[in-house]
Amino acid sequence: MEFIQYETQGRVAVLTLDRPEARNAQTPQLLRELDANYDRATEDENIRVIVLKANGKHFSAGHDISPEATKNWKTEVDVGKSGLAGLYEWERKNYLGMTRKWRDLPKPTIAAVQGGCIAAGLMLCWPCDLIVAADDAWFTDPVARMGIGGVEYHGHTWEFGARKAKELLFTGNRIGAEEAERLGMVNRVVPRAELVEQTLALATQIAEMDPFALSQAKRAVNQTLDIQGFYTSLQSVFDMHSLGHGNALSVTKGELAILMDLEGMKKKV
Ligand code: ZN
């Protein structure tokens, strides 16, 4: 494993994003490694709770859209050849599929988030059951600046409520840890220096519970959300996201997003 560390502390498995030099930006390899480590923790009968944390200053800068990563990514999906259909299937499997699987793992998951959690960074912490945020954490989905309505995983409306979700999507503004907690997106905010310690303490407390009861409690909440339309809406909005890629492809010369000349945004995806 190059980008994910795996360790255990008693009945808790700790998965650590370990690409701090790139602000834990996600590549297909990183996602596959993360998925494999979730499998490992799930299959280990001694493990009752899974923690996802990140090394470095920031939790995750989202998908890696650096030139090098983009070149590598194009070896996975040749949009020039397969068009929107190829991209759609790839994102459906790797983004929608993986996030859905992680969200419904039979064991409780806790994300520990510090620094920036940008765009697809949200797709790593939102599928977790609980989120503990450091006081320096901030969250944003600025993808509207790239001509697309939001990232592949539409947790926004569920996490923030409709009106705040619209504001954050329309503006691309950041939301801080305290406000995220007030809106219910985050379970608790802790000092940055205590993030790992307090997350592990919470995980250890939960790990004392009966594992079957935990899986049933998790399923009760997730199933309730699904009956309210969570997963149906997720699939529907994923299609809208793909329409954004299609629009970008149609008005550019094969780019998957439209450059909006705003600070901090890369030229192409
Ligand atoms: Zn996409």
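Rule-based calculations on the coordinates, nothing more; no lab input. All figures in this text were calculated on a predicted structure; none of them were measured in a lab. When we count neighbours, we look across all protein chains shown, and the Cβ atoms used for this are built from the backbone with ideal geometry, even at glycine.
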Notebook entry, point to check: Hey, what do the phi angles of the stretch 151-160 turn into as Karplus ³J(HN,Hα) couplings, whole Hz, using 6.51/-1.76/1.60 and θ = phi - 60°, x for Gly and Pro?
Noted result: 5, 5, 10, 8, x, 3, 4, 6, 7, 10
Margin query: Beyond a 23 Å Cα-Cα separation, which of these cross-linked pairs lie in this structure: Lys74/Lys253; Lys53/Lys101; Lys71/Lys101?
Written below: Lys71/Lys101
Note to self: Is the C-alpha gyration tensor of the stretch 105-250 telling us rounded, prolate or oblate? Criteria: a/c under 1.5 is rounded; beyond that, a/b larger than b/c is prolate, otherwise oblate.
What the structure shows: oblate
Check: Over the stretch 4-268, what is the relative contact order in whole percent, taking alpha-carbon pairs under 8 Å and six or more residues apart?
Finding: 19 percent
Item checked: Between helix 79-91 and the chain: long-axis angle, C-alpha atoms, 0 to 90°, nearest 10 -> 20 degrees
Notebook entry, point to check: Just the Cα atoms of the stretch 14-112: what Rg and Dmax do they give in Å?
Noted result: 14.9, 47
Checklist line | Where Rh is the Kirkwood radius over Cα pairs, Rg/Rh for the stretch 141-193 | finding: 1.01
Check: What is the helix-to-structure angle for 195-207, meaning the angle in degrees between its Cα long axis and the longest Cα principal axis of the chain, kept from 0 to 90 and rounded to the nearest 10?
Finding: 60 degrees
Next item on the list: Using only the Cα atoms, work out Rg/Rh for the stretch 4-268, with Rh taken as the Kirkwood radius, to two decimals.
Entry: 0.95
Next item on the list: Report the residue, chosen from Thr27, Thr252, Thr204, that carries the largest GNM mean-square fluctuation when the chain is represented by alpha-carbon nodes joined by springs under 10 Å.
Entry: Thr252
Margin query: Which of Gly116, Gly172, Gly86 ends up with the largest GNM mean-square fluctuation for the chain, with Cα atoms connected below 10 Å?
Written below: Gly86
Notebook entry, point to check: Hey, what do the phi angles of the stretch 184-190 turn into as Karplus ³J(HN,Hα) couplings, whole Hz, using 6.51/-1.76/1.60 and θ = phi - 60°, x for Gly and Pro?
Noted result: x, 6, 10, 6, 7, 10, 10
Item checked: Mean Cβ count within 10 Å, highest first, over the residues of peptides 49-62, 67-80 -> 49-62, 67-80
Next item on the list: Give me the distance between the Cα centres of the stretch 134-199 and the stretch 1-35, rounded to whole Å.
Entry: 21 Å
